[in-house]
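The values are calculated or read from the model by the stated rules, or taken from the named source; none is laboratory data. Fair warning: this is a prediction, and the values are worked out from it, not measured in the lab. Don't worry about glycine lacking a Cβ; one is built from the backbone with ideal geometry, like all the others, and counts go over all protein chains shown. Surface areas here come from the heavy atoms of the whole protein model, side chains and all, with no ligands, DNA or RNA. Shrake-Rupley method; radii C 1.70, N 1.55, O 1.52, S 1.80 Å.
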Amino acid sequence: MNALKCVVVAVAAVAAALPANAQLAVNSGEQFVTAIAEGDGGQALKLLQDRPNLVNARDPKGRTALVAAIKNRDRQWIGHLLQKGADPDLPGENGETPLLAAARVGLADAVGWLISVGAKVNEGNRMGETPLIVAVQRRQVQIVRMLLEAGADPDKADSAQGYSARDYARRDSRTPELLRIIEAKRPKP
(Lines give C-alpha, C1' and ligand atoms only; values in the text may rest on other atoms or scores of the structure.)
Protein backbone atom coordinates (compact mmCIF):
# COMPACT_ATOMS: atom_id res chain seq x y z
CA MET A 1 0.00 0.00 0.00
CA ASN A 2 2.91 2.34 0.68
CA ALA A 3 4.22 1.86 -2.90
CA LEU A 4 0.76 2.62 -4.32
CA LYS A 5 0.58 5.79 -2.23
CA CYS A 6 3.98 6.89 -3.60
CA VAL A 7 2.82 6.29 -7.19
CA VAL A 8 -0.38 8.28 -6.62
CA VAL A 9 1.57 11.17 -5.09
CA ALA A 10 4.09 11.10 -7.99
CA VAL A 11 1.34 11.08 -10.63
CA ALA A 12 -0.44 13.95 -8.89
CA ALA A 13 2.79 15.95 -8.77
CA VAL A 14 3.42 15.42 -12.49
CA ALA A 15 -0.20 16.31 -13.34
CA ALA A 16 0.03 19.50 -11.28
CA ALA A 17 3.27 20.50 -13.01
CA LEU A 18 1.96 20.03 -16.56
CA PRO A 19 -0.50 22.91 -16.59
CA ALA A 20 2.19 25.22 -15.20
CA ASN A 21 4.60 24.17 -17.97
CA ALA A 22 1.87 24.52 -20.58
CA GLN A 23 1.00 27.95 -19.17
CA LEU A 24 4.67 28.96 -19.30
CA ALA A 25 4.85 27.95 -22.98
CA VAL A 26 1.67 29.91 -23.79
CA ASN A 27 2.91 32.98 -21.93
CA SER A 28 6.32 32.77 -23.60
CA GLY A 29 4.70 32.46 -27.02
CA GLU A 30 2.43 35.40 -26.40
CA GLN A 31 5.34 37.45 -25.04
CA PHE A 32 7.48 36.54 -28.06
CA VAL A 33 4.83 37.50 -30.62
CA THR A 34 4.11 40.71 -28.69
CA ALA A 35 7.81 41.57 -28.57
CA ILE A 36 8.08 41.12 -32.36
CA ALA A 37 4.86 43.07 -32.98
CA GLU A 38 6.06 45.93 -30.76
CA GLY A 39 9.58 45.97 -32.21
CA ASP A 40 11.24 44.90 -28.96
CA GLY A 41 14.08 42.92 -30.52
CA GLY A 42 16.02 42.56 -27.28
CA GLN A 43 13.13 40.88 -25.50
CA ALA A 44 12.33 38.74 -28.55
CA LEU A 45 15.95 37.56 -28.80
CA LYS A 46 16.06 36.68 -25.11
CA LEU A 47 12.84 34.68 -25.35
CA LEU A 48 13.98 32.93 -28.52
CA GLN A 49 17.33 32.00 -26.99
CA ASP A 50 15.56 30.45 -24.01
CA ARG A 51 12.94 28.66 -26.13
CA PRO A 52 13.97 28.17 -29.80
CA ASN A 53 10.62 26.57 -30.64
CA LEU A 54 8.92 29.95 -30.25
CA VAL A 55 9.57 30.75 -33.92
CA ASN A 56 6.11 29.29 -34.65
CA ALA A 57 4.33 30.66 -31.57
CA ARG A 58 0.95 32.39 -31.74
CA ASP A 59 -0.62 34.84 -29.38
CA PRO A 60 -4.25 34.51 -28.19
CA LYS A 61 -5.45 36.53 -31.21
CA GLY A 62 -3.77 34.02 -33.54
CA ARG A 63 -0.95 36.35 -34.62
CA THR A 64 2.31 34.65 -35.46
CA ALA A 65 5.74 36.17 -35.02
CA LEU A 66 6.50 35.94 -38.75
CA VAL A 67 3.29 37.70 -39.77
CA ALA A 68 3.89 40.33 -37.06
CA ALA A 69 7.42 40.95 -38.39
CA ILE A 70 6.09 41.23 -41.95
CA LYS A 71 3.37 43.68 -40.94
CA ASN A 72 6.08 45.76 -39.22
CA ARG A 73 8.20 45.54 -42.40
CA ASP A 74 10.99 44.30 -40.15
CA ARG A 75 13.25 42.64 -42.70
CA GLN A 76 15.83 41.71 -40.09
CA TRP A 77 13.33 39.73 -38.01
CA ILE A 78 11.69 38.21 -41.08
CA GLY A 79 15.05 36.85 -42.20
CA HIS A 80 16.00 35.75 -38.69
CA LEU A 81 12.75 33.88 -38.14
CA LEU A 82 13.01 32.13 -41.50
CA GLN A 83 16.62 31.15 -40.76
CA LYS A 84 15.50 29.75 -37.40
CA GLY A 85 12.90 27.55 -39.12
CA ALA A 86 9.68 29.57 -38.93
CA ASP A 87 6.93 27.89 -40.94
CA PRO A 88 6.43 30.02 -44.09
CA ASP A 89 2.81 28.81 -44.36
CA LEU A 90 1.70 29.10 -40.72
CA PRO A 91 -1.43 31.23 -40.84
CA GLY A 92 -2.08 33.93 -38.33
CA GLU A 93 -5.18 35.90 -37.51
CA ASN A 94 -8.05 35.26 -39.98
CA GLY A 95 -5.95 32.69 -41.81
CA GLU A 96 -3.46 35.30 -43.01
CA THR A 97 -0.35 33.47 -44.21
CA PRO A 98 3.05 35.16 -44.21
CA LEU A 99 2.95 35.34 -48.03
CA LEU A 100 -0.46 37.02 -47.93
CA ALA A 101 0.79 39.48 -45.33
CA ALA A 102 3.87 40.29 -47.44
CA ALA A 103 1.71 40.85 -50.53
CA ARG A 104 -0.70 43.00 -48.52
CA VAL A 105 2.06 45.34 -47.28
CA GLY A 106 3.94 45.28 -50.60
CA LEU A 107 7.14 43.77 -49.23
CA ALA A 108 8.63 42.24 -52.37
CA ASP A 109 11.85 41.03 -50.75
CA ALA A 110 9.85 39.13 -48.11
CA VAL A 111 7.72 37.62 -50.89
CA GLY A 112 10.93 36.42 -52.56
CA TRP A 113 12.32 34.98 -49.32
CA LEU A 114 9.08 33.16 -48.55
CA ILE A 115 8.90 31.70 -52.04
CA SER A 116 12.54 30.61 -51.78
CA VAL A 117 11.81 28.63 -48.60
CA GLY A 118 8.80 26.91 -50.16
CA ALA A 119 5.79 29.00 -49.14
CA LYS A 120 2.59 27.84 -50.85
CA VAL A 121 1.70 30.52 -53.39
CA ASN A 122 -1.96 29.54 -53.74
CA GLU A 123 -2.82 29.27 -50.04
CA GLY A 124 -5.78 31.50 -49.21
CA ASN A 125 -7.05 33.07 -46.02
CA ARG A 126 -10.51 32.49 -44.52
CA MET A 127 -12.06 34.63 -47.26
CA GLY A 128 -10.23 32.67 -49.94
CA GLU A 129 -7.97 35.58 -50.86
CA THR A 130 -4.68 34.31 -52.26
CA PRO A 131 -1.43 36.27 -52.26
CA LEU A 132 -1.94 36.91 -55.99
CA ILE A 133 -5.45 38.28 -55.47
CA VAL A 134 -4.19 40.60 -52.74
CA ALA A 135 -1.23 41.72 -54.87
CA VAL A 136 -3.58 42.54 -57.76
CA GLN A 137 -5.97 44.41 -55.47
CA ARG A 138 -3.05 46.39 -54.05
CA ARG A 139 -1.61 46.98 -57.54
CA GLN A 140 1.71 45.39 -56.57
CA VAL A 141 3.06 44.81 -60.10
CA GLN A 142 6.44 43.39 -59.02
CA ILE A 143 4.82 41.00 -56.54
CA VAL A 144 2.25 39.87 -59.12
CA ARG A 145 5.14 38.96 -61.45
CA MET A 146 6.98 37.12 -58.67
CA LEU A 147 3.92 35.11 -57.65
CA LEU A 148 3.07 34.16 -61.23
CA GLU A 149 6.67 33.05 -61.82
CA ALA A 150 6.38 30.88 -58.70
CA GLY A 151 3.24 29.20 -60.05
CA ALA A 152 0.39 31.23 -58.54
CA ASP A 153 -2.97 30.41 -60.11
CA PRO A 154 -4.56 33.57 -61.53
CA ASP A 155 -7.91 31.79 -61.90
CA LYS A 156 -8.39 30.65 -58.31
CA ALA A 157 -11.39 32.58 -57.01
CA ASP A 158 -11.90 33.95 -53.52
CA SER A 159 -14.97 33.11 -51.47
CA ALA A 160 -15.75 36.73 -50.60
CA GLN A 161 -16.71 37.97 -54.09
CA GLY A 162 -16.15 34.88 -56.21
CA TYR A 163 -13.49 36.67 -58.25
CA SER A 164 -10.04 35.47 -59.23
CA ALA A 165 -6.89 37.57 -59.59
CA ARG A 166 -7.58 37.65 -63.35
CA ASP A 167 -11.13 38.92 -62.66
CA TYR A 168 -9.88 41.63 -60.31
CA ALA A 169 -7.25 42.68 -62.87
CA ARG A 170 -9.93 42.94 -65.56
CA ARG A 171 -12.02 45.17 -63.29
CA ASP A 172 -9.08 47.51 -62.51
CA SER A 173 -8.93 50.19 -65.19
CA ARG A 174 -6.24 52.12 -63.31
CA THR A 175 -3.51 49.49 -63.69
CA PRO A 176 -3.98 47.72 -67.05
CA GLU A 177 -0.46 46.33 -66.76
CA LEU A 178 -1.71 43.81 -64.20
CA LEU A 179 -4.04 42.15 -66.71
CA ARG A 180 -1.31 42.15 -69.38
CA ILE A 181 1.06 40.37 -66.98
CA ILE A 182 -1.57 37.81 -66.04
CA GLU A 183 -2.64 37.24 -69.65
CA ALA A 184 1.00 36.70 -70.66
CA LYS A 185 1.24 33.85 -68.14
CA ARG A 186 -1.70 31.86 -69.51
CA PRO A 187 -1.27 28.16 -68.80
CA LYS A 188 -0.06 26.04 -71.69
CA PRO A 189 -2.83 23.92 -73.28
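Tabulated data
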quantity: Cut-off 13 Å between beta-carbons: net charge of the residues surrounding Tyr168, Lys and Arg +1, Asp and Glu -1; calculated: +2
quantity: C-alpha center-to-center spacing [the range 110-137, the range 146-189] in angstrom; calculated: 13
quantity: Accessible-area value, Tyr163, 1.4 Å probe, nucleic acids and ligands omitted, Å²; calculated: 70
quantity: Net lengthening on full extension, Arg51/Arg170 (0.36 nm per residue, minus Cα-Cα); calculated: 38.1 nm
quantity: Gyration tensor verdict on the range 111-157 (Cα atoms; rounded if a/c is under 1.5, prolate if a/b is larger than b/c, oblate otherwise); calculated: oblate
quantity: Shape category assigned to the range 27-139 from the gyration tensor of Cα positions, a/c cut at 1.5; calculated: prolate
quantity: Relative contact order (%) - the range 42-168, alpha-carbon pairs under 8 angstrom, separation at least six; calculated: 18
quantity: Distance histogram for the range 76-189 (every C-alpha pair counted, 5 angstrom bins, percent rounded to whole numbers); calculated: 2, 13, 25, 24, 19, 9, 5, 2, 0
quantity: Anchor Lys185: aspartates and glutamates whose Cα lies under 17 Å away (excluding residues fewer than 8 positions away in-chain); calculated: Glu149, Asp153, Asp155, Asp167, Glu177
quantity: Trp77, Trp113, ranked by accessible area, largest first (probe 1.4 Å); calculated: Trp113, Trp77
